[in-house]
1. Between a residue in the range 341-365 that is over 19 Å from LEU301 (Cα atoms) and any residue that is among the charged types (D, E, K, R), which pairs come within a Cβ distance under 6 Å, given they are 6 or more apart or on different chains?
2. Criterion first (within 30 Å of LYS237 (Cβ to Cβ), open to solvent by less than 10 Å² (accessible area, probe 1.4 Å) and of a type outside the set (Lys, Arg)) does VAL97 satisfy it?
3. Determine which single condition SER397 fails, assuming it passes every other condition in (1) out of contact with any Ser or Thr (no Cβ under 9 Å at 6 or more places or on another chain); (2) more than 30 Å from LYS58 (Cβ to Cβ); (3) crowded, with 16+ Cβ neighbours inside 10 Å.
4. When only residues in the range 348-368 that are over 21 Å from VAL147 (Cα atoms), open to solvent by 10 Å² or more (accessible area, probe 1.4 Å) and touching a Gly at 6+ places or on another chain (Cβ under 9 Å) count, which is farthest from the ligand (Cβ to nearest atom)?
5. Could you list all residues from the range 382-414 that are closer than 16 Å to VAL443 by Cα and part of a loop (DSSP other than H, G, I, E, B)?
6. Can you name the residue in the range 174-202 that is part of a loop (DSSP other than H, G, I, E, B) and open to solvent by 30 Å² or more (accessible area, probe 1.4 Å) and is also farthest from the ligand (Cβ to nearest atom) among such residues?
7. Being modelled with pLDDT under 95 and open to solvent by less than 30 Å² (accessible area, probe 1.4 Å) is the filter; apply it to the range 129-168 and report the residue that is farthest from the ligand (Cβ to nearest atom).
8. Of the numbered conditions (1) within 21 Å of GLN458 (Cβ to Cβ); (2) within 16 Å of the ligand (Cβ to nearest atom), GLN423 satisfies every one except a single condition; which is it?
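The values are calculated or read from the model by the stated rules, or taken from the named source; none is laboratory data. Computed from a predicted model, the values in this text were never measured in an experiment. As a convention, Cβ positions derive from the backbone with ideal geometry for all residues, glycine included, and neighbour counts pool all protein chains shown. Areas reflect the complete protein model, heavy atoms only, side chains present, ligands, DNA and RNA absent. Shrake-Rupley method; radii C 1.70, N 1.55, O 1.52, S 1.80 Å.
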Amino acid sequence: MKNTKQNKKPAKFVKREIKKEANEPLPEGAALNKSLPAGKGGKKIYQALRGMHDVLPKDEKYWAALYHTAEKLASYYQFARVETPILEEASLFIRSVGKGTDIVDKEMYIFEDRDGTRVALRPEPTAGIVRSYIQHGLWNAPQPVKVWTSGPIFRHDRPQAGRYRQFYQFDFETIGAKDPAMDVELILVAYSIFKDLGISTEVRINSIGDREERARYVAELTNYYRGKRAYLCDDCKNRLSKNPLRLLDCKVEGCQPIKETAPQIIDWLGESSKNYFMKVLEYLDELSIPYLLDHTLVRGLDYYTHTVFEIYESAREADPSAASLTGAQSALAGGGRYDLLAEELGGQSAPAVGFGLGIERAVTVLKALEEKKPGSIPGVVYDVFFAQLGEEAKRRSLKILNELRFSGIRPAFNLFRGSLKAQLETANSLKVPYVLILGQKEVQDKTIIIRDMESGVQEIVDQKKLEAAIKKKLIDRLPK
Ligand code: HAM
């Protein structure tokens, strides 16, 4: 029989099918960039750029719930808030994230500013934080330095479900210490942000060893893949020459059988790296954090050493529709240890570990949760609705509202609406137990009406006694 390419092909490895991308759904709220009809007077109506999106008031409660939870955990675990600029020198990211990664090769927003400096919109926050640690000599502070931040990240990627060109992250970093407990503390914080919000997740974890171990492994991996080059997707062919570790990150179906039988990095780790990783897993067991060992997890950034991890919505819990919104295989958070980055950026040695959490992806899961179980994510709760009637009452309103604020009572109100009917409708939709009504007569008498929305009973009280009267009613409503 002739030794053709065809009969040399192992049965398991099938050539990649060209995937259609044209009909992939765009992220919710993302600009379609279809030409809109002209606006008033024939003027152009602008849309957000493709892959960028607006956060609208209707979504505020999800964002607020996430920020509230992240802030609470940051404070409990003693991470101090920092802010670094969104613009940095482009070479900072090229050196940190690494040539050969998708982020650096394809996705950075790079341009020259007016002074001719080559700058980039940050494609991730870690490099900026380490730059700041070095610039301000933070190795002189007690170690480790534990910081967190949140804000926009920019990657000129192909927009699709769960993938934006401007998206938001929470980012937590512990710099200046190497200890498995530090790695696990970070995983615990990320895991707890989801858990506290009712999202079940699972951690996928791997160790990619130190630089020497990885170099030996990469040589072996390259060798293995080289023999199968013909069956790889174009991206993998590219990775094979540019960044072989990223071969393990390929999601193309045709490459999966090759990936499954690839050499595993764990077999190339030395005793000390293995022991370190075992300690991390032991701590996770101690905390009962569910994890999955994933030998193909290598992350899309080059600065990692040893522990790497990603957090996914638990497959068991995931609602299929929610999964398709976040992108079934999309990580909600990801991070790992990066012990060499500070030195690579010219600083003193400062082993570090951190994670980034994609806020939009978490919001998508929260929305799916709220749809499944309404009330899971409570919005702002108001104690009373404040209704005013007539010019005089409106004038008094802001003063009374301000006094209520100081007394800790949370009133809803709408000073723009004049009719009592419209205001009561709003009060009804907000489901407040009481409405305060201030009309012309009440202004003159220095009184105010408290209306019980359930029974419809109204009571007139002295304005001076308003605070005490409402507080008593609110306390009486509490379950005994
Ligand atoms: P990353 O895995 O590139 O890591 O991003 C972290 C998270 O950001 C992802 O898990 C995902 O939830 C979200 N994310 C990433 N790309 C997009 C996108 N295009 N649209 C929406 N969400 C997205 C980092 O950025 C590292 N700096 C994490 C880290 C911190 N490692 C150590 N310290």
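1. Qualifying pairs under 6 Å: SER349/GLU343; VAL365/GLU313.
2. Yes, satisfied.
3. For SER397, the failing item is (2).
4. THR364
5. LEU389, GLY390
6. Of everything passing the filter in the range 174-202, GLY198 is farthest from the ligand (Cβ to nearest atom).
7. Top of the filtered list is ALA161.
8. The single condition GLN423 does not satisfy is (2).
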